[in-house]
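Visitor: What follows is a single structure, and I will ask about it in a moment.
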Amino acid sequence: MPTQKFTPELIAPCGMNCGICKAYLAYSRGVPYKKGEVTHCSGCLVRNKNCAFIKRDCPKEVGKLIRFCYECAEMPCKNLAKIDELYSARYGMSMVDNLKEIKAKGMDVFLKSQEEKYRCPSCGDVVSVHDGKCYACSYQGEKPRGSNPKHRWVPNPK
Ligand SMILES: [Zn+2]
């Protein structure tokens, strides 16, 4: 088992950790592509997508002129705020909080805390933020009772 599951290259400019994305996990854990069901992606930065959500309308050409959105005085801009709101409501994850953590504590600390947060309780690999699934051992996280009904699941239940 690799000791470091996430690398800085997996952290997109918007603060998304591509390492917990189901398309990245399926791709990197060898789950076969299946049309309409299993998507494959090697990560925003790796694919030179820079930022799938924001780049299109970003005057700073995020990922090019700046590495992370937190380097921008406007953060969070309208686009980032929108995707952040969606992810907070649906997946219990905030890009803006991630960015603040990276800025305050540094990349290493952030990557380690992500590893803790999304560790698979069954095999120690990674569970996806999108569906609570581990693509290495097929563990499926459950949505705890009393949690935000919009959340599909909560990472690493204690
Ligand atoms: Zn697992």
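Visitor: Among rounded, prolate and oblate, which fits region 8-117 when a ≥ b ≥ c are the square roots of the eigenvalues of its C-alpha gyration tensor, a/c under 1.5 means rounded, and a/b larger than b/c means prolate?
Guide: prolate
Visitor: What pairs from 35/103; 64/112; 64/105; 112/133; 34/78; 78/133 go past 28 Å between their alpha carbons?
Guide: Check vs 28 Å cut-off fails for 35/103; 34/78; 78/133.
Visitor: Would you give the gap between the C-alpha center of region 60-79 and the C-alpha center of region 1-39, rounded to a whole Å?
Guide: Cα centroid of region 60-79 versus Cα centroid of region 1-39: 23 Å apart.
Laboratory data are not the source of any read-out in this text; all were calculated from the coordinates shown. Quantities reported herein were computed from a predicted structural model and do not represent experimental measurements.
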